[in-house]
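*Asks:* Before we start, here is the structure in question, set down as structure tokens.
The values are calculated or read from the model by the stated rules, or taken from the named source; none is laboratory data. This structure is a prediction, so every number in the text was calculated from the model and none was measured. FYI the Cβ positions are ideal-geometry reconstructions off the backbone, even for glycines, and counts take in every protein chain you see. What goes into the accessible areas is simple: the full protein's heavy atoms, side chains included, and nothing from ligands, DNA or RNA. Shrake-Rupley method; radii C 1.70, N 1.55, O 1.52, S 1.80 Å.
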Amino acid sequence: KLVKVAPGEVQIEFPYNQAFTQQHGFLHAGVMTTVVDSACGYCASTLMPSDSEVLTIEYKANFIAPGAGKEFLAIGRVVKPGRTITTCQGEVLAKDEKTGEYKTIIIMQATMMTVSTSIRK
């Protein structure tokens, strides 16, 4: 669920789902990086012309802790907007069930490319 959309920043909440876990019962890294990649793409698109779209051209993720918890938050922020290339930082936070506090479990560096909406044609 999109919980924040602002120029240069997007936040997406998503729940734990057993169907998307790995062998130890943690939320799979591929699922979490998919969501934070989307947060980075959406935040980049908030600063792009309205007649354009965004494509991810690169990202790197560091997994600081496993995907443990019932609720997660992916945050994408633009670091450097550009006419063609935009650099973003992303992170995934897991909500501690006991304290209700969020802790960072993934950090991401992502590069997005502005493309014309005519790319689909």
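*Asks:* If you scan segment 1-43, which residues turn out to be farther than 20 Å from Leu93 by Cβ and surrounded by 15 or more Cβ atoms within 10 Å (Cβ to Cβ)?
*Replies:* none
*Asks:* Tell me which residues, restricted to segment 59-76, are modelled with pLDDT of 95 or more, open to solvent by less than 40 Å² (accessible area, probe 1.4 Å) and of a type outside the set (Phe, Trp, Tyr).
*Replies:* Ala61, Ala65, Leu73, Ala74, Ile75, Gly76
*Asks:* Report, ordered by the first and then the second residue, all pairs with beta carbons closer than 7 Å, sequence separation of six or more or different chains, a first member in segment 80-97 that is touching a residue at least 60 places away in the same chain (Cβ under 8 Å), and a second member that is open to solvent by 70 Å² or more (accessible area, probe 1.4 Å) and assigned to a loop (DSSP other than H, G, I, E, B).
*Replies:* Close Cβ pairs satisfying both conditions: Pro81/Leu47.
*Asks:* Name the pairs: first residue in segment 1-15 and over 17 Å from Lys80 (Cα atoms), second residue surrounded by fewer than 11 Cβ atoms within 10 Å (Cβ to Cβ) and among the basic types (Lys, Arg), Cβ to Cβ under 9 Å, at least 6 apart or on different chains?
*Replies:* Ile12/Lys1; Glu13/Lys1; Phe14/Lys1
*Asks:* Pick out the one residue from Thr46, Thr56 that is open to solvent by 40 Å² or more (accessible area, probe 1.4 Å), more than 12 Å from the chain's Cα centre (by Cα) and in contact (Cβ under 8 Å) with a residue 40 or more places away in the chain.
*Replies:* None of the other options fit; the residue is Thr46.
*Asks:* If I go through segment 94-121 residue by residue, how many of them are under 19 Å from Met32 (Cβ atoms) and either open to solvent by 60 Å² or more (accessible area, probe 1.4 Å) or touching a Gly at 6+ places or on another chain (Cβ under 9 Å) (or both)?
*Replies:* Result for segment 94-121: 14.
*Asks:* Checking the conditions here, which among Val115, Val79 is more than 13 Å from the chain's Cα centre (by Cα), outside any loop (DSSP other than H, G, I, E, B) and modelled with pLDDT of 95 or more?
*Replies:* Result of the check over Val115, Val79: Val79.
*Asks:* Where the second residue is surrounded by fewer than 18 Cβ atoms within 10 Å (Cβ to Cβ) and part of a helix (DSSP H, G or I) and the first is in contact (Cβ under 8 Å) with a residue 40 or more places away in the chain and lies in segment 19-39, which pairs have Cβ atoms under 7 Å and are six or more apart or on separate chains?
*Replies:* Leu27/Phe20
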